[in-house]
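**Q** Handing you a structure now.
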Amino acid sequence: MSFICSRNIRFYKHKLRRMISKKTIFILLCLSILPLYLLYNGNPFAEKEIIIKTKRLDDCLNSISKSQLSLIDSSDALSYYVSYREPNVEFYPYIGNGYFATSNIGNQRLYIRDKLLLQVPVPFDVLFDFSLTGFSSLERVLLDLPNGELHKIGCYKQHSMCVSIHYSAYAHRSIPYLLVQEIKASNPTTNPVNVQLSKKPMPSLPTGSVTGKATMRLSDGTQLEYSLATITVRLGNNRIVILTVAEPNAPEYMPVRPGASATLTLRTVVRYSDPFASIPDEQQLRAFHAKSRLDLQTLLIGLGSGADSASLRAKHYSAWRNVWQRGFSIAKSLAPGALNGESFNCTLYYLMSNRPIEPPTQPAINWTGLVLSDSLHQYDRCYAGNDLFQVPNLWRRPQSASDLIGLVDQWFVTLVKFGCSHLVQAGAIGLSQAALLAIGEFSFSGRHLEFNLHPSQLVRDMTFRNIAYGPSANVNVTVEVDDSNKALLFVSVLGNQKPFYACSAACDESSPIQLGAQRVQLPLRITKPRTALLYITPDIDHIKQLKRAIHVLEVWDAPAHEHHVIALHKHGHPYGGLPVIFWIGLILLLLVFHLFLFKLVYSELCKGEPVIQPYTKYYT
């Protein structure tokens with residue numbers, strides 16, 4: 001009897017060990033699958049409420065902002081979602097026209113110009129905001145860089161219907177003292193909605209300020225009511241300006257009928273005087289206040305009602321396009337820490353938002369016809385500094401007004417100290433020329449244009465477009481990396497009234513290369529000691545003399561870039577892109593492995609248990 005019991009004990013021990021083995025395999029299998037699930041789907045426990053709401057409202061938001069979202073794909077816009085906590089701001093939403101600037105986050109203060117920068121805060125919050133209660137919501141803030149416009153787009157869902165609100169604001173480029181805000185609401189539901197409008201109230205004004213009201217009736221019968229306030233603002237070096245802000249008296253709510261849409265246009269006027277050396281007296285304040293009131297009436301009657309908002313916006317867009325006509329584009333890089341198009345465009349936008357489209361002292365210049373002032377042609381030795389690609393601090397994303405002012409000031413100091421003072425002072429168009437020269441290390445020296453960017457930087461396709469050379473000619477320089485990882489150099493000149501000529505490093509060509517509207521390839525060469533990669537001039541005698549003036553020991557064709565360098569930018573790692581057959585083979589291998597693993601697990605978990613018969617010894 002004891003012999004049989006001991007055999008049964010061994011049988012159950014063996015069965016227990018087999019059960020433990022099955023559980024171990026099952027647990028290990030679950031633990032191996034869980035990280036893959038989390039890696040693919042993210043943490044399912046974090047931000048659960050926001051994710052649910054996002055899935056409901058994404059389609060609505062994307063359909064409304066479709067035209068703006070296309071700008072993000074081309075690196076021409078930046079955006080972020082507004083959450084129920086602090087927004088994850090990756091940029092500073094900012095609008096400016098060189099005369100004043102403001103933002104919809106932070107203290108939302110108005111900033112006016114002192115010297116070259118919009119750096120003096122004044123105690124006025126000029127931007128409106130909107131809200132809609134009783135709805136689940138999703139909101140996005142978007143900064144349209146080419147058009148200088150700030151958008152806030154909201155979708156508000158109740159049951160199966162979605163109310164949409166689109167807010168836009170811009171500091172007008174052609175009318176520098178005008179701020180335009182527009183709110184469009186669409187209500188497809190069967191119930192009326194009331195969009196609440198809000199703005200920080202006008203602050204307590206200092207003693208001696210002048211306030212007042214203004215009411216005017218437009219030609220279409222629209223009646224406008226404005227509140228005006230005139231104060232003094234202290235600039236640097238004890239200089240003082242008189243400033244008047246005229247704000248529209250907006251309703252507290254904007255009603256939207258069922259199945260209808262509504263639009264509200266708000267226009268704010270900001271005017272300030274030339275600096276005074278001493279504090280203006282009360283009579284001067286009242287005189288400026290009265291003049292501002294008269295100018296406000298003249299402006300608003302001339303602009304008409306909100307029905308003319310489309311033409312007003314079109315003029316603003318056209319002025320910004322003149323500023324952006326010259327610029328820089330570069331292929332996207334996946335290398336860690338690499339600068340891409342959105343970084344360049346964002347920084348250039350902040351710079352140009354701080355300068356008026358034309359110099360304040362030269363209002364008669366025909367900027368729309370691109371007849372540039374004489375000051376734009378005084379660019380000898382611009383740009384004479386170092387490579388800005390290697391200075392990430394110049395391309396940082398500001399998170400506040402003070403950070404943005406510091407970034408713009410750092411740029412202006414860099415450009416002014418390296419020979420671009422005349423261009424910076426010539427307004428936004430001149431500044432765009434100076435920034436373009438600095439990015440590409442172009443330099444006007446003597447009677448020619450040099451391209452000094454180091455060959456090691458030419459690892460991506462890039463284009464420098466419309467570099468102004470004289471009053472009419474625009475130079476385009478393009479770098480393309482071919483399939484053999486070799487950089488190729490192309491040049492063209494548009495709008496020139498006379499021939500332009502070019503030569504490569506050391507100018508050792510037998511004869512100068514003539515340039516025209518069709519791009520021409522030039523050899524990319526390296527010299528010892530190092531010289532410019534390219535020389536361009538309309539003076540053929542000058543370029544022939546350059547050949548005698550440039551002294552080098554060696555000249556050779558620039559070699560192809562190493563494969564791992566190009567792969568790092570294209571793929572984000574130095575190993576390059578693997579062929580498709582490799583990934584197909586890897587997927588098949590993983591599939592076979594998991595089928596084999598599944599077969600083992602299935603055999604262990606589902607196969608019947610073997611019966612171990614107690615051993616019985618037979619005696620003969």
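The values are calculated or read from the model by the stated rules, or taken from the named source; none is laboratory data. Because the structure is a prediction, the values reported are computed rather than measured. Every residue, glycine as well, gets a Cβ built from its backbone with ideal geometry; the counts of neighbours run over all protein chains shown.
**Q** Within segment 148-160, can one find any residue that is touching a Pro at 6+ places or on another chain (Cβ under 8 Å), charged (D, E, K, R) and under 28 Å from Phe344 (Cβ atoms)?
**A** no
**Q** From the list Ser375, Ser353, exactly one residue is at pLDDT 95 or above, closer than 30 Å to Asn496 by Cα and among the small types (Gly, Ala, Ser). Which is it?
**A** Working: Ser375 fails: at pLDDT 95 or above.
Going through Ser375, Ser353 in turn, the sole match is Ser353.
**Q** Further question: Answer yes or no as to whether Val459 is in contact with a strand residue (DSSP E or B) (Cβ under 9 Å, 6 or more places away or on another chain), part of a loop (DSSP other than H, G, I, E, B), under 25 Å from Lys528 (Cβ atoms) and not polar (S, T, N, Q). Give the steps one after another, and end with the answer.
**A** Details: in contact with a strand residue (DSSP E or B) (Cβ under 9 Å, 6 or more places away or on another chain): yes; part of a loop (DSSP other than H, G, I, E, B): yes; under 25 Å from Lys528 (Cβ atoms): yes; not polar (S, T, N, Q): yes.
The answer is yes for Val459.
**Q** Here are the criteria: (1) more than 37 Å from the chain's Cα centre (by Cα); (2) without any contact (Cβ under 8 Å) to a residue 12 or more places away in the chain. Tell me which single one His289 does not satisfy.
**A** Result: His289 passes all but (2).
**Q** Moving to a separate point now. Answer yes if at least one residue in segment 561-582 is over 25 Å from Asp461 (Cβ atoms) and either not basic (Lys, Arg) or not in a helix (DSSP H, G or I) (or both), and no otherwise.
**A** Just the residues of segment 561-582 that are over 25 Å from Asp461 (Cβ atoms), to begin with: 581-582.
Subset that is either not basic (Lys, Arg) or not in a helix (DSSP H, G or I) (or both): 581-582.
Yes; the residues of segment 561-582 include at least one that is over 25 Å from Asp461 (Cβ atoms) and either not basic (Lys, Arg) or not in a helix (DSSP H, G or I) (or both).
**Q** Quick check on my filter: what residues within segment 464-488 are within 19 Å of Arg326 (Cα to Cα), in contact with a strand residue (DSSP E or B) (Cβ under 8 Å, 6 or more places away or on another chain) and either crowded, with 22+ Cβ neighbours inside 10 Å or not charged (D, E, K, R) (or both)?
**A** If the condition is that a residue be within 19 Å of Arg326 (Cα to Cα), in contact with a strand residue (DSSP E or B) (Cβ under 8 Å, 6 or more places away or on another chain) and either crowded, with 22+ Cβ neighbours inside 10 Å or not charged (D, E, K, R) (or both), then Phe464, Asn466, Ile467, Ala468, Tyr469, Ala473, Asn474, Val475, Asn476, Val477, Thr478, Val479 are the ones that fit.
**Q** Within the set of pairs 6+ apart or on separate chains, which have a first residue in segment 126-145 that is in contact (Cβ under 8 Å) with a residue 40 or more places away in the chain, a second that is surrounded by fewer than 18 Cβ atoms within 10 Å (Cβ to Cβ) and of a type in the set (Phe, Trp, Tyr), and C-beta atoms under 9 Å apart?
**A** Once the first residue is in contact (Cβ under 8 Å) with a residue 40 or more places away in the chain and sits in segment 126-145, its partners that are surrounded by fewer than 18 Cβ atoms within 10 Å (Cβ to Cβ) and of a type in the set (Phe, Trp, Tyr) give Leu138/Tyr81; Glu139/Tyr81; Arg140/Tyr80; Arg140/Tyr81; Val141/Tyr80; Val141/Tyr81; Leu142/Tyr80.
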